[in-house]
Amino acid sequence: MGIQFRKEEQEFHLFNEEMSYIFSVLPNGHLSQLYYGPRVSTEQSYSYLIQGGQRSLTSYIEGYENDLSLQHLRQEYACYGTGDVLSPAFEIAQEDGSRLSHFKYQEYRVVSGKSSLTGLPATYSTTDYPAETLIVELFDDVTQTVLELHYSIFSSLPVLARHAVFRQVGEQSITLERALSLNLDLPDKDYEWIHLDGAWSRERHIQTSPLHQGVQSIYSLKGTSSSEHNPFMALKRPQTDEHQGEVIGISLVYSGNFLAQVDVTPYEQVRASIGIHPDRFSWSLSQGQEFVTPEALLVYSQKGLNGLSHAFHSLFNHCLVRGEWKGKERPVLINNWEATYFDFTEEKILELAKEAAALGVELFVLDDGWFGERYNDQAGLGDWQVNPHKLPNGLPSLIQNIHGLGMKFGIWIEPEMVNKDSNLYRQHPDWHFHHPKRFQSPSRYQYVLNFAEDAVFENIYQQLYQLLSSHDIDYVKWDMNRYLTEVFSVHHQAENQGELFHRYVLNVYRLYDRLTQDFPQILFESCSSGGARFDPGLLYYAPQTWTSDNTDAIERLSIQYGTSVLYPLSSMGSHVSAVPNHQVSRITSLTTRGHVSHFGSMGYELNLLQLSEEERQQVKEQINFYKKHRATFQYGEFTRLLSPFEQDIVAWQVKSADTNTVLIGYYRKLIQANEGFKRIYPKHLDEEAIYEYKGQSFRGSSLMRAGLVVEPQDFEAGFADFASLLIELKKR
Ligand code: DGJ
């Protein structure tokens with residue numbers, strides 16, 4: 001790893017073993033992107049990639065007429081108003097109404113390690129994953145604004161982390177109307193665009209489309225990263241598949257409104273951009289103030305989409321997740337939501353807990369309904385004190401009983417919300433986002449608290465501090481069940497209303513930060529109607545996320561497969577639930593439900609008391625098997641093999657850290673009459689090693705090339721829909 005500066009050519013070259021990232025200072029002081037791809041020599045300059053020349057309808061850099069044009073030179077962080085005519089990376093409104101800016105290179109510095117971002121989640125370097133950071137400073141004379149571009153390169157991962165900082169040093173106040181985290185200009189358009197889209201209960205399905213001239217974009221203006229789109233995109237070569245070929249992944253470490261966009265120019269160049277969505281965003285800066293954009297991560301792979309995922313998984317597990325639960329095995333849990341919904345008593349909860357403990361479950365999670373007047377979803381949010389009618393002996397007694405069963409205790413909260421039927425609302429009817437003269441849009445009968453207002457934030461913090469400091473709570477599920485509407489604050493000035501969406505996210509982070517510091521032993525799981533806020537920003541605070549409200553094993557194949565493009569298994573909550581499934585009414589075997597749930601942080605979410613004796617034994621075996629391989633199922637190297645988006649046979653594998661065990665999940669969605677012969681081709685085995693499976697021995701190279709034969713009778717469910725098989729390859 002290194003950061004080279006060629007003084008003569010004013011050229012920066014960031015490199016590690018796998019990749020190079022090169023840009024240089026143009027004659028007008030702007031920065032031009034020259035190269036991003038596989039590692040190239042540092043022995044030479046790449047200034048020959050600065051292509052000039054005359055073209056019609058082109059404006060040029062002054063003094064370089066008919067030669068150098070910002071319209072055609074690839075920009076490093078494109079500014080508006082000086083020749084570049086694509087969507088810029090940022091835009092600054094000034095006191096005279098101008099939006100023009102002209103940031104010129106001043107100086108650079110290199111620091112070892114990685115910058116942290118004030119108030120924002122970000123990746124960090126460690127002794128095992130060292131990084132170096134280049135900070136390039138630019139300055140705009142007219143507004144007297146400093147712009148810092150931060151680039152951190154990791155030595156053992158093909159990762160470059162970027163963000164920008166705007167610092168106002170001049171006397172005039174400026175307003176940022178756009179401040180993306182990066183733009184990446186590429187020299188050709190021979191890519192396909194990948195993103196993870198969906199909706200509630202159908203999150204992060206993989207979408208692939210060819211690039212065409214003009215703009216393609218995904219975004220969220222909902223206040224959270226959303227279940228409809230994930231703040232991520234990848235550009236892959238058309239011939240790239242899961243296992244080979246070039247792909248660039250771009251992910252935003254942020255949990256609010258975002259824009260991810262690709263613009264193909266008429267000259268077949270590409271500008272990829274990602275950052276906070278410029279709509280509904282503005283940020284005022286007066287002298288001495290600064291604005292830090294969220295971090296964007298660039299990951300480069302020549303090893304196909306799985307190579308990209310391996311890099312993201314390592315990065316997130318080792319350099320994003322923090323605290324005591326980093327790298328730690330996660331407990332098998334039982335969550336009472338689908339077992340009881342709101343209809344529970346202390347007795348019911350304890351019966352369920354007893355049964356769970358007897359089967360080997362390690363953590364009991366008391367979901368929605370334990371607080372305030374919460375008998376259904378119409379009341380109680382905002383009142384984080386126990387409901388004495390439902391739990392007459394209080395939380396301490398329940399927790400003690402559950403701890404007495406040898407299980408940890410977890411609790412559900414939804415701190416960002418209020419119901420109008422709550423004490424909090426009755427005391428503070430103006431604490432949610434709304435405009436006093438306009439209608440308000442309820443969603444699940446609830447409203448979003450104005451977290452941009454400090455008094456609101458403090459009240460919720462105090463309530464949660466009280467809850468967590470006075471009870472022996474081991475786990476918290478932090479939910480968020482609606483999007484933001486009517487985002488107006490009666491507590492803020494007119495000029496700050498554009499800041500609300502971002503301030504909201506900053507204070508969600510601040511609350512997470514405080515609580516995780518106050519209670520470092522607690523395992524936090526984030527949730528937003530399932531996976532509507534599954535993003536790297538929240539992973540920084542909560543190392544696991546409830547992947548989706550959809551617990552159907554077959555639907556989960558697509559959801560978990562797509563989620564794994566970016567997120568590691570340790571971060572994905574995956575539960576066995578009842579059949580017929582509550583979301584899609586499908587009936588699948590307990591075996592298949594177990595085999596899908598194993599690949600993630602496993603739990604149960606059903607009334608265990610309704611299981612037959614045979615099913616009880618099966619659950620016990622599932623849990624024992626999972627515990628035996630838990631480190632591998634949560635932290636092993638996960639590789640996708642056969643895609644649910646392409647066919648009815650789905651497969652994936654996970655390899656243990658010591659490489660001695662490979663566990664393959666093999667699933668059939670719908671059966672086909674007179675089905676063809678099937679083989680599975682595992683990946684990343686040791687070529688020379690001998691692996692054992694069902695009493696037979698196979699060389700690694702043979703398994704990878706000739707494959708393993710899968711017969712219909714191998715499936716416990718036999719020749720049937722929704723059957724599954726778990727193949728355990730053991731190195732001799
Ligand atoms: C949505 C979550 O995704 C569910 O798991 C459950 O916690 C409900 N909210 C409770 O209201």
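The values are calculated or read from the model by the stated rules, or taken from the named source; none is laboratory data. None of the values given here were measured: they were computed from a predicted structure. With ideal geometry, Cβ positions are generated from the backbone for all residues, glycine too; neighbour counts draw on all protein chains shown. Protein only, heavy atoms only, side chains kept; ligands, DNA and RNA dropped before computing areas. Shrake-Rupley method; radii C 1.70, N 1.55, O 1.52, S 1.80 Å.
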For this session: Please work out which residue is nearest to the chain's Cα centre (by Cα), limiting yourself to the range 115-124 and to residues that are open to solvent by 40 Å² or more (accessible area, probe 1.4 Å) and at pLDDT 95 or above.
Result: Tyr124
For this session: Give the residue that is farthest from the chain's Cα centre (by Cα), with candidates limited to residues of the range 549-565 that are open to solvent by 10 Å² or more (accessible area, probe 1.4 Å) and either closer than 21 Å to Ser225 by Cα or more than 16 Å from the ligand (Cβ to nearest atom) (or both).
Result: Ile554
Problem set entry | Filter result for Leu117 (in a strand (DSSP E or B) and touching a residue at least 40 places away in the same chain (Cβ under 8 Å)) | no
Exercise. Within the set of pairs 6+ apart or on separate chains, which have a first residue in the range 352-370 that is at positive phi, a second that is open to solvent by 10 Å² or more (accessible area, probe 1.4 Å) and within 16 Å of the ligand (Cβ to nearest atom), and C-beta atoms under 6 Å apart?
Worked result: Gly369/Phe342
Exercise. Has the range 129-149 got any residue that is of a type in the set (Gly, Ala, Ser) and open to solvent by 10 Å² or more (accessible area, probe 1.4 Å)?
Worked result: no
For this session: From His435, His428, His389, His403, grab the single residue that is farther than 26 Å from Asp549 by Cβ and open to solvent by 70 Å² or more (accessible area, probe 1.4 Å).
Result: His389
Seminar exercise, completed: Going through the range 18-45 in order, the residues found to be free of Cβ contacts under 8 Å to residues at least 60 places away in the same chain, in a loop (DSSP other than H, G, I, E, B) and open to solvent by 40 Å² or more (accessible area, probe 1.4 Å) are Pro27, Arg39, Ser41, Glu43, Gln44
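Going through Asn423, Asn419, Asn450, Asn459 one at a time, which residue ends up being open to solvent by less than 10 Å² (accessible area, probe 1.4 Å), polar (S, T, N, Q), more than 15 Å from the ligand (Cβ to nearest atom) and modelled with pLDDT of 95 or more? Steps first, please.
Numbers: Asn423 fails: open to solvent by less than 10 Å² (accessible area, probe 1.4 Å); Asn419 fails: more than 15 Å from the ligand (Cβ to nearest atom); Asn459 fails: open to solvent by less than 10 Å² (accessible area, probe 1.4 Å).
Answer to the selection: Asn450.
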For this session: Name the one entry in Ser251, Ser255 that is of a type in the set (Gly, Ala, Ser), assigned to a strand (DSSP E or B) and in contact with a helix residue (DSSP H, G or I) (Cβ under 7 Å, 6 or more places away or on another chain).
Result: Ser251
Exercise. Which of the residues spanning the range 371-382 are touching a residue at least 60 places away in the same chain (Cβ under 8 Å) and buried (at least 21 other Cβ atoms within 10 Å of the Cβ)?
Worked result: Leu381, Gly382
Exercise. From Thr240, Thr208, which residue is over 15 Å from the mean Cα position of the chain (by Cα), surrounded by fewer than 24 Cβ atoms within 10 Å (Cβ to Cβ), without any contact (Cβ under 8 Å) to a residue 40 or more places away in the chain and closer than 22 Å to Phe312 by Cα?
Worked result: Thr208
Exercise. What pairs come up if the first residue lies in the range 593-614 and is within 22 Å of Arg668 (Cα to Cα), the second is open to solvent by 10 Å² or more (accessible area, probe 1.4 Å) and polar (S, T, N, Q), and their beta carbons are under 7 Å apart, counting only those six or more places apart or on different chains?
Worked result: Gly594/Gln622
For this session: Kindly indicate whether Ile411 is of a type in the set (A, V, I, L, M), open to solvent by less than 10 Å² (accessible area, probe 1.4 Å), within 16 Å of the ligand (Cβ to nearest atom) and over 15 Å from Ile460 (Cα atoms).
Result: yes
Exercise. Filter the range 345-369 for residues that are over 29 Å from the mean Cα position of the chain (by Cα) and open to solvent by less than 10 Å² (accessible area, probe 1.4 Å); which is farthest from the ligand (Cβ to nearest atom)?
Worked result: Leu359
Exercise. Pairs, please: C-beta under 6 Å, at least 6 apart or cross-chain, first residue within 23 Å of Asp549 (Cβ to Cβ) and of a type in the set (S, T, N, Q) and in the range 316-345, second within 16 Å of the ligand (Cβ to nearest atom) and part of a loop (DSSP other than H, G, I, E, B)?
Worked result: Asn335/Asp367; Asn336/Asp367
Problem set entry | Residue in the range 162-172 that is most open to solvent (accessible area, probe 1.4 Å), counting only those that are farther than 16 Å from Ser273 by Cβ and assigned to a strand (DSSP E or B) | Arg167
Problem set entry | The one condition in (1) out of contact with any Ser or Thr (no Cβ under 8 Å at 6 or more places or on another chain); (2) closer than 28 Å to Val332 by Cβ; (3) part of a loop (DSSP other than H, G, I, E, B) that Asn481 fails to fulfil | (1)
Exercise. Failed condition for Gly245, given (1) touching a residue at least 60 places away in the same chain (Cβ under 8 Å); (2) in contact with a helix residue (DSSP H, G or I) (Cβ under 8 Å, 6 or more places away or on another chain); (3) more than 16 Å from the ligand (Cβ to nearest atom), with all others met?
Worked result: (1)
For this session: Scan the range 519-548 for residues that are in contact with a Pro (Cβ under 9 Å, 6 or more places away or on another chain), open to solvent by less than 10 Å² (accessible area, probe 1.4 Å) and assigned to a loop (DSSP other than H, G, I, E, B) and jot them down.
Result: Asp535
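I'm trying to understand the selection: among the residues of the range 279-314, which are among the hydrophobic types (A, V, I, L, M, F, W, C) and either open to solvent by less than 10 Å² (accessible area, probe 1.4 Å) or farther than 30 Å from Ser20 by Cβ (or both)?
Phe281, Trp283, Leu285, Phe291, Ala296, Leu297, Leu298, Val299, Leu308, Ala311, Phe312
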